[in-house]
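Colleague: Shown below is the structure under consideration.
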Amino acid sequence: MKLTRFLTAAVLLAAPLSYAQNQPAAPQHPVPSIQDSETSSQKDARMAWWRQARFGMFIHWGLYSIPAGTWDGKQVPSIGEWIMNNASIPVADYKSLAAQFNPTGFSAHDIVALAKSAGMKYIVITAKHHDGFAMFDSKANAFNIVAATPFHRDPLRELADEARKQGLKLGFYYSQDQDWTAPGASAILRANHDPVTHHWDKAQDGDFDTYLHTKAIPQIKELLTNYGDFPAVLWFDTPTANMTPARAAEIVALVNQHPNLIWNNRLGGGYKGDTETPEQTIPAQGFPGEDWESCMTINDTWGYKSYDTNFKSTETLLRNLIDIASKGGNYLLNIGPDSHGIVPQPEVDRLHAMGTWLAVNGEAIYGTQPTLFGPEAGSFSATVKDSKGNPKFIPAWDWRSTTAPNKIYIEIFNWPPVSGAQAAFHLDKLPRKITSAYLLADPAHTPLKMTQAGGSLDIHLPAKPLDPIATVLVLETAK
Ligand code: FHN
């Protein structure tokens, strides 16, 4: 064995199993990916719609919405889509849920319209999650929504048709490595992501390559070829040490045939894909110079759980979106439809409220560049450490900023104190000369009084914010 190959193998074996977003890059990919060879202007063209979008809808929907967090009369802790693994449900018992799955309340029209009204520009839905159940018409494997349920409909096709009609992009999530109902596939023990084959049922035993060649790869082919111009995004997840460079390369050979496709950094095998994907967190400074997308839940689960009512407030969700945009990323915000295909009302309400804000203030979010300032996002504590022992980032929530060629947007969360009849917003170290200022939510764009001196700026604001969550101040600039 060549030394480099030996070292790669040794690293893979020694590496702690993880969701591996940050797997070391393979020294040389067995099959180069598009990202390995394209020029930066080709990449800019491929990523253009995604960079413009800033806000997308994640949908976790599958058979797990039937138990909805409860098995054998007991509430199963942790996220709903992991119930099969967390409750060690035998394969046959889990598969039998398919016979009950008849989500007649599902409306692709309504879900796409919900995303659109929220101001989201794309949707990524679980085509197959770790439970192995395909939410699409698959000839490769019969454990799917068309063949194995009384519903007999393909939600992905319906969503694709609707997304096209309503002008949104559609992407597919596919769990390429973990599959708890397919013999031979990986199954991670969630507590510590170890071991790769945490099997609780003999029916899960088998050969990984057989799984890869008879189920995962044929299904990925189906997803890539049966839905016209979609998927716009292929969202892989939870690669383990089973997803070796050689195995991942077989998938790369497929995705390479779709030159407009965007795919994330969770394929495994050392492939970086297009996007960094922090989960349930917003990185302190984003990933400067890279494309990234924070995926987050609205409550504490991705897949529907009947008793998870810990919904984040609209204020938190909206400020997360603004925070992410100010750091140059996208927000992929999850909904978890129930077993009838209905989106929980608290999720709908929050998305509508976000859309109301974006309808007025979207100019400050879509297609913008990151902040020209930086310290407004917060700072690293001198004393408090994070879980890895590094200085903890303490976010500040007074304001954020996004940038356009001739504008700086300041999204004000905490309205400055009023003195006399007015509030004043002060900025130091101005990166550009400001020519005028107004509030985006003021239909007349009435110019605000301002004083600029020695690189600092004071803007006279009305006494009250125009929006209690975030009022956007627009600074027109010389460039
Ligand atoms: O295990 C999954 C989880 O169920 C969910 O799909 C999230 C979404 O990013 N990804 C995995 C955990 O990283």
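We did not get these values from a lab; they are worked out from the coordinates using the rules stated. This one's a predicted model, so the numbers in the text were calculated from it and none came from an experiment. Every residue, glycine among them, receives a Cβ derived from its backbone with ideal geometry; neighbour counts consider all protein chains shown.
Colleague: Taking the Cα centroid of the range 351-390 and of the range 223-293, what is the distance between the two, rounded to the nearest whole Å?
Modeller: So the two Cα centres are separated by 24 Å.
Colleague: Given a cut-off of 27 Å, name the pairs among 407/464; 74/215; 128/392; 43/385 whose C-alpha atoms lie farther apart than that in the structure shown.
Modeller: Over 27 Å apart, Cα to Cα: 74/215; 128/392; 43/385.
Colleague: How long are the semi-axes of the equivalent ellipsoid of the range 388-479, defined as square roots of 5 times the Cα gyration tensor eigenvalues? Whole Å, largest first.
Modeller: 23, 17, 14
Colleague: Under a plain spin-label model, where a point goes 7 Å from the Cα along Cα-to-Cβ, how far apart in nm are residue 290 and residue 92?
Modeller: Each label point lies 7 Å from its Cα, and together they span 4.6 nm.
Colleague: Does the range 21-128 come out rounded, prolate or oblate by the C-alpha gyration tensor, with a ≥ b ≥ c the root eigenvalues, rounded set by a/c under 1.5 and, if not, prolate when a/b is larger than b/c and oblate if not?
Modeller: Taking the square roots of the gyration eigenvalues as a ≥ b ≥ c, the range 21-128 is oblate.
Colleague: So what is the calculated 222 nm ellipticity per residue for the chain, using -39500 (n - 2.57) for each DSSP H run with n of 4 or more, over all residues, to the nearest 500 deg cm²/dmol?
Modeller: My calculation for the chain gives -7000 deg cm²/dmol from helical runs alone.
Colleague: Just the projected area, averaged over all directions, of the convex hull on the alpha carbon atoms of the range 335-411: how many nm²?
Modeller: 8.4 nm²
Colleague: Let me ask something additional. Is the chain best put as rounded, prolate or oblate by its Cα gyration tensor, with a ≥ b ≥ c the root eigenvalues, rounded for a/c under 1.5, and otherwise prolate when a/b is larger than b/c, oblate when not?
Modeller: The shape class here is prolate.
Colleague: Quick check for me: using +1 on Lys/Arg Cβ and -1 on Asp/Glu Cβ, what's the dipole size of the range 367-448 about its Cα centre, in debye to the nearest 20?
Modeller: 300 debye
Colleague: While we're looking at this one, here's another question. Nothing charged except the Cβ atoms of Lys and Arg (+1) and of Asp and Glu (-1): what's the magnitude of the dipole of the chain about its Cα centre? Round to the nearest 20 debye.
Modeller: Dipole magnitude for the chain comes out near 860 debye.
Colleague: Once Lys and Arg get +1 and Asp and Glu get -1 on their Cβ, which of 68, 41, 283 lies farthest toward the positive end of the dipole of the chain?
Modeller: Selected residue: 41.
Colleague: Where does each of 321-334, 415-428, 112-125 land if you order them by average Cβ count within 10 Å, highest first?
Modeller: So the peptides 321-334, 415-428, 112-125, ranked by packing, come out 321-334, 112-125, 415-428.
Colleague: In which sequence would 71, 292 go, from the one with the fewest C-beta neighbours within 10 Å to the one with the most?
Modeller: Ranking 71, 292 by Cβ neighbours within 10 Å, fewest first, gives 71, 292.
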